Amino acid sequence: MKEKKNCLGTNVFISSLIYPNSVVWNIIDIDDLDFLVPELVIYEIEKYEKLIKNKIKLRGRKEAYEYLLSELFTQVIIVPTIYYKKHIKEAYEIMKEIDEKCYGI
């Protein structure tokens, strides 16, 4: 039987980066759980790096951005786009009414 894995969306991942004392961060930090994140998360973090850093700073976090990012990435498995690229349009069709973001489709 395959081990069950959990998938995190980019928004959840970035939110836990901004709020490292949150319930979401604490769940991601559980060693017995495996979390997958799409490779897209890397590009989204790069794209919004300044905004994320500003939000961390505004919340009075003393931890460095790079440290928080490193901590999060040690807790997840990054899934390369090649493994899900052929399903992106199908996923968009399912989610388009819920999430208006259209990752290049």
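For segment 54-65, what are the residues that are in a loop (DSSP other than H, G, I, E, B) and either among the aliphatic types (A, V, I, L, M) or at pLDDT 90 or above (or both)?
Once the filter is applied, which keeps residues that are in a loop (DSSP other than H, G, I, E, B) and either among the aliphatic types (A, V, I, L, M) or at pLDDT 90 or above (or both), segment 54-65 yields only Ala64.
For segment 1-16, name all the residues that are surrounded by fewer than 18 Cβ atoms within 10 Å (Cβ to Cβ) and in contact with a helix residue (DSSP H, G or I) (Cβ under 7 Å, 6 or more places away or on another chain).
Correct list: Val12, Ser15.
Quick one: which residue in Leu51, Leu17, Leu68, Leu36 is at negative phi, outside any helix (DSSP H, G or I) and either of a type in the set (A, V, I, L, M) or modelled with pLDDT under 90 (or both)?
Sole residue among the options that is at negative phi, outside any helix (DSSP H, G or I) and either of a type in the set (A, V, I, L, M) or modelled with pLDDT under 90 (or both): Leu36.
Condition check ((1) surrounded by fewer than 10 Cβ atoms within 10 Å (Cβ to Cβ); (2) touching a His at 6+ places or on another chain (Cβ under 6 Å); (3) farther than 13 Å from Leu8 by Cα) across all residues:
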{"residue": "Ile28", "(1), (2), (3)": "no, no, no"}
{"residue": "Pro38", "(1), (2), (3)": "no, no, no"}
{"residue": "Lys50", "(1), (2), (3)": "yes, no, yes"}
{"residue": "Leu69", "(1), (2), (3)": "no, no, yes"}
{"residue": "Thr81", "(1), (2), (3)": "no, no, yes"}
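The values are calculated or read from the model by the stated rules, or taken from the named source; none is laboratory data. Model, not experiment: these values are computed from the prediction. Ideal geometry is used to build each Cβ from the backbone, glycine not excepted, and the neighbour counts take in all protein chains shown.
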